[in-house]
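**Student:** Please see the structure below; I have some questions.
No lab work stands behind these numbers, since they all come straight from the coordinates. All figures in this text were calculated on a predicted structure; none of them were measured in a lab. All Cβ positions, glycine included, derive from the backbone under ideal geometry; neighbour counts span all protein chains shown.
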Amino acid sequence: MSALAAGSGARRQRLMVTPEGIGFNLVVANRGARLAALLIDLVIIGVLEVATTLILVYIAGGIDNLDHLAGRKDTAGQALQFLTIVWFAAMFLFRNGYFLFFELGPRGATPGKRMTGIRIASRDGGRLTAEMVVARNLLRDIELFLPISFLLVAKGGDTGAAGIAAAVWFLIFALFPCFNRDSLRAGDLIAGTWVVEAPRTKLQEAMSLSHTAQGGASHATGTAYRFGENELAAYGEYELQTLERVLREGRLEAMVAVHEAICRKIGWNPGAGDERAFLEAYYTQLRARLESGMRLGVRKADKWAGG
Amino acid sequence: MAFADTGIAGLFGGRKAEVQDAAIAAAALRSDRFRQEREGDWQRLEAIVRRMEAGRMGKVPDEDLLALPVLYRTVASSLSVARETSLDAATLAYLEALVQRAWFLVYGPRTGFAAWLRRFLGGGWSAAVRAIWFDLLIALAVMVAGTVVGWLLVSSDPDWYFSLVPSQFADARVPGASHEALKATLFHQPGEHQEDALSVFAAYLFSNNAQVSILAFALGFAFGIPSLLLLVQNTGTLGAMLWLYHGQGLTLDFVGWLSVHGTTELFAILLAGASGLHVGRSIAFPGAKGTMQSIREAGQRAATVMTGVVLMLVVAAMLEGFARQLINNTEGRLTVGLSMLAIWLAYFFTFRRDPKVTA
């Protein structure tokens, strides 16, 4: 996962140094994921608003019935008034409070962001404060709601050139994230935040636990694979981690292909049927060699590198 | 003898350690043994982080909360050791992600809502308002100018009234309306039942005004100019209506009617416009700091002010919905309106407590 991300998104990686002096890479979320997150959130808000309205209408209907039974107009009128006030408050809260509520939580992400695996963070590496979250969400109006309404108006053509000019002007805000390296929205800019990937990886099995990895004989063929210095010197860290991925995925075709490639490279005669045992043994011994090099300060990035 | 051995070992929990030792011995690589010795800590941290992220703070035991910073540092040091000694890409990716998640929690916002509110009301808000004083002055000048322009436009040509005043207000309140008709919009008759739908109206006004002030703030991003235009447009309405009532000799009554909630509401709109302008100014003239830093600081200050603006608009809506109906004379209304103004001014400009000292 991180190897993949490193390949495709090295441009989006930013080094973050913790107060302990440990640097780790934050990956700026890509714009597609953010758009998807926004759409999910808007759908959720829409559903909440419609549901609240329906429930209030249902309650209002009940009150109206009650009113007919009791024959009193006054109390029912007040109750209906109260419901209307609740409706106004709820709509205001959904529109403005939804993003605040979720982004202030410990995950720093709305449900949409969580589903797309992203979150907000402070750009300078400090704490994410309430002020930042408020600031970045207050600008949603000009980034989202105004451009949409202006676009709808401008399409009708009633407002003429001025309407189109306004629509273009507002589109600049809506498309702001496309014009800068960190994909900042206008809101991110004034709040000092950004949106980053929030990776969630499971701890995988250690690789050197299996029988063959420890130099034992393969159950299938009874061979204990031992590789010489020259045979292990053929590859570097990049190939090692590719091999790790192949072993973890465990797809037979991939293993056969890699097995063949390695055998060709180190001048062995590729057999068939014992690929996994061969690859596990080769992986473990290659890693042992490279890691002992690391401890001495010698690293070999890939098969082209010397050492 | 063998029986006794296992019995005692089981009693002291030695067997588990033995099994673990065996597993550690089993890994062929030194870096995997390093991992096996520590993965218990990693997984404990992951469990704590997962529970805290789910927001179930109550379900996280105290000892886990206390262990969080320690575990975080342990795992962070595991990560830096692993980076130098291990080539296991999956384990490195796991540790990176785990350290990042824990880092967000350890250095995340730790103030709860109550603590934040206390700091906000106890000095943070008024300090932010004072910090944008220059923008407040500009916005105030613009609002006064907007009112004057509205007045002048309508007095030169009453047709302007209909383009300045939204149709919802132009019911009885149109040019040419009689003294009595206009007076009736300000005061309700003794026997008249007038509280119907007024609180609904207040709720509507609140959400409308709040949206307008959020817009005024957001528009500040475009160098502040649209914020000012919005202020002019809104106060133009005020100027036009002021002219209308002035024509029938009802100026003071209108001011009284308006001031009950108007001092709070117009103040809130002033703050919103000024915060928008503050952000716009920090973009156009960042000063000695870098543009990004200047924008960031201005944005956070303005956001603090804006949070308060929403609160003020709630107060304004309540005053409008209730106080104005209960007080049916100009003197009483002016008293309420002016004392609200005095309270806000005193709170913002004389209430000085450094929020950092109290926090």
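**Student:** Compute the long axis of helix A:252-266 from its Cα atoms, compare it with the longest principal axis of the Cα atoms of chain A, and write down the angle in degrees, 0 to 90, nearest 10.
**Tutor:** Helix A:252-266 and the main axis of chain A meet at about 40 degrees.
**Student:** Quick one: if the Förster radius is 56 Å, what FRET efficiency do B:E84 and B:T350 give, using the C-beta to C-beta distance and rounding to 0.05?
**Tutor:** On the way: r = 59 Å, r/R0 = 1.04.
According to the calculation, E is roughly 0.45.
**Student:** Any idea what the dipole of region A:207-295 comes to, in debye rounded to 20, about its Cα centre with Lys/Arg Cβ at +1 and Asp/Glu Cβ at -1?
**Tutor:** Values: 10 positive and 12 negative charges, 24 e Å.
Approximately 120 debye in magnitude.
**Student:** With the Cα gyration tensor of chain A in hand, give its eigenvalues times 5 under a square root as the equivalent ellipsoid semi-axes, listed largest first in whole angstrom.
**Tutor:** On the way: eigenvalues 701, 128, 70 Å².
One finds semi-axes of 59, 25, 19 Å for chain A.
**Student:** Over all distinct Cα pairs, what is the inverse of the mean 1/r for region A:207-295, reported as the Kirkwood hydrodynamic radius in Å?
**Tutor:** Numbers: mean 1/r = 0.0768 Å⁻¹.
In region A:207-295 this quantity evaluates to 13.0 Å.
**Student:** Would you mind checking the tilt of helix A:146-156 against the longest principal axis of the Cα atoms of chain A, expressed as 0 to 90 degrees and rounded to 10?
**Tutor:** The helix A:146-156 is inclined about 70 degrees to chain A.
**Student:** I need the peptides B:43-55, A:187-199 ranked by packing, meaning the mean over residues of other C-beta atoms within 10 angstrom, with the highest value on top. Before the final figure, lay out the partial values.
**Tutor:** Details: B:43-55: 17.4, A:187-199: 25.1.
Descending mean neighbour count gives A:187-199, B:43-55.
**Student:** Moving on. Which of the three applies to region B:25-146, rounded, prolate or oblate, going by the alpha-carbon gyration tensor with a ≥ b ≥ c and a/c under 1.5 meaning rounded?
**Tutor:** Working: a/c = 4.67, a/b = 2.60, b/c = 1.80.
Cα axes put region B:25-146 in the prolate bin.
**Student:** I would also like to ask the following. Measure nothing but the geometry: give the 0 to 90° angle between the long axis through the Cα atoms of A:275-295 and the longest principal axis through the Cα atoms of chain A, rounded to 10°.
**Tutor:** The helix A:275-295 is inclined about 90 degrees to chain A.
**Student:** Please compute the Kirkwood hydrodynamic radius over region B:257-359, one decimal place, Å, based on all pairs of different Cα atoms.
**Tutor:** On the way: mean 1/r = 0.0651 Å⁻¹.
Value: 15.4 Å, from the Cα pair sum.
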